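Below is one structure; the comments refer to it alone.
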Amino acid sequence: MSLYVIIRGPAGIGKTTVAKKLARKLKAVYISFDRIRARHGIGLSEKQRIKANEVAIPLAAKKLAAEKIVIFDGVFYHPSQLKHLIRALKFPHFVFTLTAPVDEVIRRDAKRTGKAKMGEGKIRGFYPVVAKFKPGIIIDTSGKILAQVVDEIFCRLPAKK
C-alpha cells in the first residue's frame, strides 16, 4: 500500500517524536524536513522550504513507487510548501496538524536538549504563524502521552492490506 502521511505543527509540539513512532508502527520510511534543511544548508524562507521539497520528493516518490508508506515530519507553515509537496506526489496522503496551547508547547520545548531546544521567545514568535494554518486532520495533543497521539493518527489511516 502506497500512501504518505504529513505530520505538521509548531516547533516543540512533538512532531518528530510522533512521526518516528508512527513510522516504526507502520514500518514506514521517515523523512525529516529539519534533517533535509540541515544537510543541504536550506533556510527557512518560503522559497527555501520549496527547495527542501525538491530534495524530499524524489526520495519519497521512489519509496512510494515501491509500495512503501512515507511519513513526513515538518512545520509546513507556508501553505505553498504543503501544496507543492502534495501536487508533486500523486499518491494517497493524509495531513495531520498537531496542536496544543502555546504554554504547553513551551513546557515541552523546555525539556528538549541541544539544538532542538527553541526557547520561549522563538516559540511565542513562530507559534501564531504556524497555528493559524491548520490543514488536514487536527490532533489536539494537550495532556496526551505519545502513545495516545500515535494511536489517534493510526486509527484514521486505512488498514494495511
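Entry remark, region 30-49: residues being open to solvent by 40 Å² or more (accessible area, probe 1.4 Å), touching a residue at least 12 places away in the same chain (Cβ under 8 Å) and within 15 Å of the chain's Cα centre (by Cα) number 3 in total.
Applying the criterion of being open to solvent by 10 Å² or more (accessible area, probe 1.4 Å) and over 20 Å from ALA23 (Cβ atoms) to the residues of region 60-84, the residue that is modelled with the lowest pLDDT is TYR77. Of all the listed residues (LEU22, LEU3), the sole one being under 29 Å from SER142 (Cβ atoms) and out of contact with any Leu (no Cβ under 8 Å at 6 or more places or on another chain) is LEU22.
Going through (1) closer than 23 Å to LYS122 by Cα; (2) open to solvent by 10 Å² or more (accessible area, probe 1.4 Å); (3) in a helix (DSSP H, G or I) one by one, ALA19 falls short only on (2). Within region 125-161, restricting attention to residues that are among the hydroxyl-bearing types (Ser, Thr, Tyr) and closer than 22 Å to ALA23 by Cα, which residue is surrounded by the most Cβ atoms within 10 Å (Cβ to Cβ)? If we take residues in region 125-161 being among the hydroxyl-bearing types (Ser, Thr, Tyr) and closer than 22 Å to ALA23 by Cα, then THR141 is surrounded by the most Cβ atoms within 10 Å (Cβ to Cβ). Filter region 107-143 down to residues that are of a type in the set (Val, Ile, Thr) and over 28 Å from CYS155 (Cα atoms), then give me how many there are. Residues flagged as of a type in the set (Val, Ile, Thr) and over 28 Å from CYS155 (Cα atoms) within region 107-143 amount to 3.
Any chance region 140-148 includes a residue that's in contact with a Leu (Cβ under 6 Å, 6 or more places away or on another chain), within 27 Å of ALA56 (Cα to Cα) and not hydrophobic (A, V, I, L, M, F, W, C)? Checked region 140-148: at least one residue is in contact with a Leu (Cβ under 6 Å, 6 or more places away or on another chain), within 27 Å of ALA56 (Cα to Cα) and not hydrophobic (A, V, I, L, M, F, W, C).
Each row is one residue, and each column tells you yes or no for (1) among the basic types (Lys, Arg); (2) farther than 15 Å from GLY9 by Cα.
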position: VAL105; (1), (2): no, no
position: GLY119; (1), (2): no, yes
position: PRO128; (1), (2): no, no
position: LYS144; (1), (2): yes, yes
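Considering only residues that are touching a helix residue (DSSP H, G or I) at 6+ places or on another chain (Cβ under 7 Å) and β-branched (Val, Ile, Thr), look in region 60-91 and name the one that is farthest from ILE153 (Cα to Cα). Looking at the filtered set, the residue picked out is VAL75.
The values are calculated or read from the model by the stated rules, or taken from the named source; none is laboratory data. Computed from a predicted structure; not experimentally measured. Cβ sites come from the backbone with ideal geometry, for glycine too, and all protein chains shown count toward neighbours. In case anyone asks, the SASA skips ligands and DNA or RNA and just uses the protein heavy atoms, side chains included. Shrake-Rupley method; radii C 1.70, N 1.55, O 1.52, S 1.80 Å.
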